[in-house]
Each structure stands twice: as C-alpha cells, then as structure tokens.
1. Between segment 40-93 and segment 121-194, what is the C-alpha centre distance in whole Å?
2. Relative to the present Cα-Cα distance, how much length would full extension add between Trp201 and Trp105 at 0.36 nm per residue of separation?
3. What ranking do 81-92, 202-213, 187-198, 240-251 get when scored by the average of other Cβ atoms within 10 Å per residue, highest first?
4. Note down the Stokes-Einstein diffusion coefficient of segment 99-183 in µm²/s, whole number, using a Kirkwood radius over alpha carbon pairs, 10 °C, and 1.306 mPa s.
5. Could you please report the charge total around Ala137, scoring K, R as +1 and D, E as -1 over all other residues with beta-carbon less than 15 angstrom from its beta-carbon?
6. Report the gain in length on full extension from Val121 to Arg256: 0.36 nm times residue separation, minus Cα-Cα distance, nm rounded to one decimal.
7. Which of Thr13, Thr152, Thr119 comes first, and how do the rest follow, when ranked by fewest Cβ neighbours within 10 Å?
8. Around Gly172, under 14 Å between beta carbons, what's the net of Lys plus Arg minus Asp minus Glu among the other residues?
Amino acid sequence: MLIAIVGALVISTSAPLVRLAGVSPATSALFRCAYAVPPMLLLAWLERRRLGPLPRRALVAAWAAGVVFALDLLFWHHAIGYVGAGLAAVLGNLQVFIVAFAAWWVFGERPSSRLMIGTPVVFAGVVLISGMFDSAAYGSDPPMGVLAGVATSVSYAAFLLLMKAGSDRAAGPLAHATVVATLVIALLGPWFGGVDLVPAWPGHGWLVLLALGPQVLGWSLITYSLPRQPAALTALLLLVQPMTTVAISALALGERPSPLQLAGCAVIVLGVLYGSRHAPAPPGPAPAGDGAGQERLSASWPGPSRTRRSRRPRPYA
C-alpha cells in the first residue's frame, strides 16, 4: 500500500510542475512525453525479454492510444492554464464515469447502480467549478477550463479503453503510446498555442522533473502496486491524488479557488469515490485463505468487468 500511496503523491505534483515550468501547454505536453520515452523504452525492452514481442493487435491499439493520449495532455495542460493546477487535477478524474458508460456501449459492461447515482452528483460539482454561479471564481477562464477538463477526460477515457482492448501488459504498450503521443503533440502543437523547442531554464528543469517524476516514476509505482493490492486502495488514490494537488497548488503556487469551487471539488471527489465502488457482497463465509471478516470493496473499471485488473480505475495526472 505504501508504494501505491507514494506513487499517487508523486503523480499529484504533475499539474503544479506544469505551472512552474511557465511554458505553453503544448510545450509542456511535448517535453513531458519526449523525456519519458528513453526510460519507458528501457522498461518495455525488459518486459519484452520476459514475455516476448507484443502481438500486432496490441501494437495497433497502443498507437491509437498514443494519438488520444496526445489530445488528452494538450487539453489538460490548457485546463491548467484556465483554472489552475488544483481544479484541473480534479476535473481530470471525470474519466471514471466516461469510461464506465463507454465500456457499457463498447464491451457491454453495465455500470453499477452506485455509478449511475454518482454521475449527476459529479456533474453538479463540475458546474460549481465552472463559476457559473460564482462571481469570485478562480482562474483566467473557468468555463473554458471546464470544457478543456471535460475534453481531457473524454480523451483519457478513450486512451484507457484502447489500452484495455490491446493487451494486459504495462510497459510495452505504454512505451509505444508515449512515442506516438510525442510525435502527435509535435504535429498538433502549432494549433494548440505553439511549441517552444528550446525552453529556457529553470522552466526546462521543471519539464525534466515532470517527465521523470510523475510520468515515469509515479506511474511505474502505481502500475506495480495496484495489481498487488485490494481494489479499495484505488478508490483511496482517487481521493489522495487530486486533493493533494489542490493543497500543493495552494501552498506552492498561491492558487485560491473560491468556496463554491472548493465545494465543487469535494462533490466531484466524493461522487467519484461513491460511484467507483461496487456494492458490498452479501455476508457469508469467508473464502479459505482470504481472512474471515475481510470485506473488499471493488473499485470500478468502472462497472462489472471480465477481469479483476480491468475493474481498477486509474487516478489522473
């Protein structure tokens, strides 16, 4: 559990590092991926030595995932500029609900009743963050920040679905997706505010830290630990990561969301936590070796899924 929590804390620094870099959204997205490519390729090579080459289907899915991952990062880094690092991190967790309903349509995985109840609650939180009823809303353009945040979640949901459909491996598909995302961001950069290929220091240093910290180290810790932990841990991470980002952004960047926006954050996080949990199983004899009385709450894929692994939502960053 400690490894997973450390991973979530590392990931929670992602949005603040984007703000500290002080570069355009496309520039931060590009270098975040580009600097992550060498270590990801090394991890993929080690995985290939153990398990053999990726099947063609997994490669195609990973390349497609790289395209939508590029859009995900471009939209999200714009959201950070519009509403700040903390609020953008909370908005990124809407992917839990989008994945659920997309998986219902694509894979026939019906969402749980908890998730159906949680959906309108979460989107009420989105409205609060947008500043629609708030004259003191934080951010240069909160409504645009919400639109960019929703676009982020849609893109990230597509990324997760493609990764799920392609392969159960971690390093190989993610390495291929990262390489493709780097190329796509470089191509689309001029339409997303432009890319500075030679950012100045100290901004460049923050970009290196962004790539090697949250992108490589944070996700490596999360990927390693989640299959080895009860699914309830994932629900905890969905709370730890965005709330830690809000706290870091307030302390390090001086971000001060309005009371209504903070209420929206709380509504979203609680709605995601509630919606991503399956109803507890009826009481009965504990299976041998599982520990009597040990109740495990299953965080959603979200929604009933064919494999245990696919029921674990991933924190966004």
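Every read-out reported here was derived from the displayed coordinates using simple, explicitly stated rules and does not represent laboratory data. These numbers were taken from a predicted model, which means no experiment stands behind them. Because the Cβ atoms are built from the backbone with ideal geometry, glycine has one as well, and the counts that use them run over all protein chains shown.
1. 11
2. My answer for the length gained is 29.9 nm.
3. Taking the mean over residues of other Cβ atoms within 10 Å, the ranking is 81-92, 240-251, 202-213, 187-198.
4. The calculation lands on 103 µm²/s.
5. Overall, the nearby charge balance is -2.
6. That works out to 46.3 nm of additional length.
7. Thr119, Thr13, Thr152
8. Computed value for this residue: +4.
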